[in-house]
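Since the structure comes first, as structure tokens, the remarks are kept for the end.
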There are 2 protein chains.
Amino acid sequence: MKAIINVSLKEGVLDPQGKAAHHALGSLGFDNVTDVRIGKQIVVTLDAADRAQAEKELDDMAQTLLANTVIEDYTIEIVG
Amino acid sequence: MKAIINVSLKEGVLDPQGKAAHHALGSLGFDNVTDVRIGKQIVVTLDAADRAQAEKELDDMAQTLLANTVIEDYTIEIVG
């Protein structure tokens, strides 16, 4: 089973990597960009009996390791 | 207009960050995980006249700055 966990900084949390990309895009002439935020896309392949069990385990993984829930939000999507 | 650019390492390119996460998940007891790959999810907000123009500009941004096309693939999705 394959799942995508998207981890992004919460609104209001400063995103220096996004700011740097935004600035660099401006320097390259892309001056119509108003905001850039950069998060992580984590693709996890796992053996699981069913979808519900996989979702539970992926949520545990996100909570314990993959996301820092103080400053980050995450979404889980099973893709295959 | 808001778009998501997902940047991921091409198949066959070593992903040390993903390997480290895989190993850490194993140490935490998630021993049914067979693979972890970590990419970037870049959320770009921009002013564009229409969808086609936005897609063209986002493709230029990915090619010139946001992705390293030698080792990375990217997808562009307009979300709003």
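Read the figures in this text as sums done on the coordinates, not as results from a lab. Not measured: the values here are computed from a predicted model. So basically every Cβ, Gly included, is an ideal-geometry build from the backbone, and we count neighbours across all protein chains shown.
When Rg and Dmax are taken over the Cα atoms of the protein assembly as shown, they come to 16.6, 50 Å. Counting from the shortest, the label point at A:GLU55, 7 Å from Cα toward Cβ, is 3.1 nm from the same position in each remaining copy. Applied to segment B:64-80, the Karplus parametrisation 6.51 cos²θ - 1.76 cosθ + 1.60 on θ = phi - 60° returns per-residue 3J(HN,Hα) values of 8, 9, 6, 10, 9, 6, 5, 10, 10, 9, 9, 10, 10, 9, 7, 10, x Hz, with x for Gly and Pro.
Separation of segment A:1-23 and segment B:5-21 by C-alpha centroid, Å? Centre-to-centre (Cα) distance: 16 Å. Counts of other chain beta carbons within 10 angstrom of each beta carbon in peptide B:42-51 average 5. For peptide A:12-19, the mean count of partner chain Cβ atoms within 10 Å of a residue's Cβ comes to 1. In chain B, helical runs assigned H by DSSP with n ≥ 4 each contribute -39500 (n - 2.57); averaged across all residues and rounded to the nearest 500, the mean residue ellipticity at 222 nm is -9000 deg cm²/dmol.
Chain B residue nearest the axis that carries B onto A, by Cβ, with distance in whole Å, is B:GLN41, 2.
Largest first and in whole Å, the equivalent-ellipsoid semi-axes of segment B:2-78 read 32, 13, 8, each the square root of five times a Cα gyration tensor eigenvalue.
Sorted from shortest, what are the nm distances separating the label point of A:GLU72 from equivalent points in the other copies, each placed 7 Å from Cα along Cα to C-beta? Sorted ascending, the copy-to-copy spacings read 1.6 nm.
Averaged over the residues of peptide A:23-33, the number of Cβ atoms from other protein chains lying within 10 Å of each residue's Cβ is 4. Using a Gaussian network model of chain A in which every pair of alpha carbons under 10 angstrom is joined by a spring, one finds that among A:THR69, A:THR34, A:THR45 the greatest mean-square fluctuation is at A:THR34.
Which stretch or stretches of segment A:66-80 have amide N atoms under 17 Å from the point lying 7 Å from A:HIS23's Cα along the Cα→Cβ direction? Counting only backbone N, you get no residues. In this assembly of identical copies, the label point of B:GLU11 (Cα plus 7 Å along Cα-to-Cβ) is separated from its counterparts by 3.9 nm, sorted shortest first. If we count every other residue with Cβ under 9 angstrom of B:THR45's Cβ, Lys/Arg +1 and Asp/Glu -1, where does the sum land? Summing Lys and Arg as +1 and Asp and Glu as -1 gives 0.
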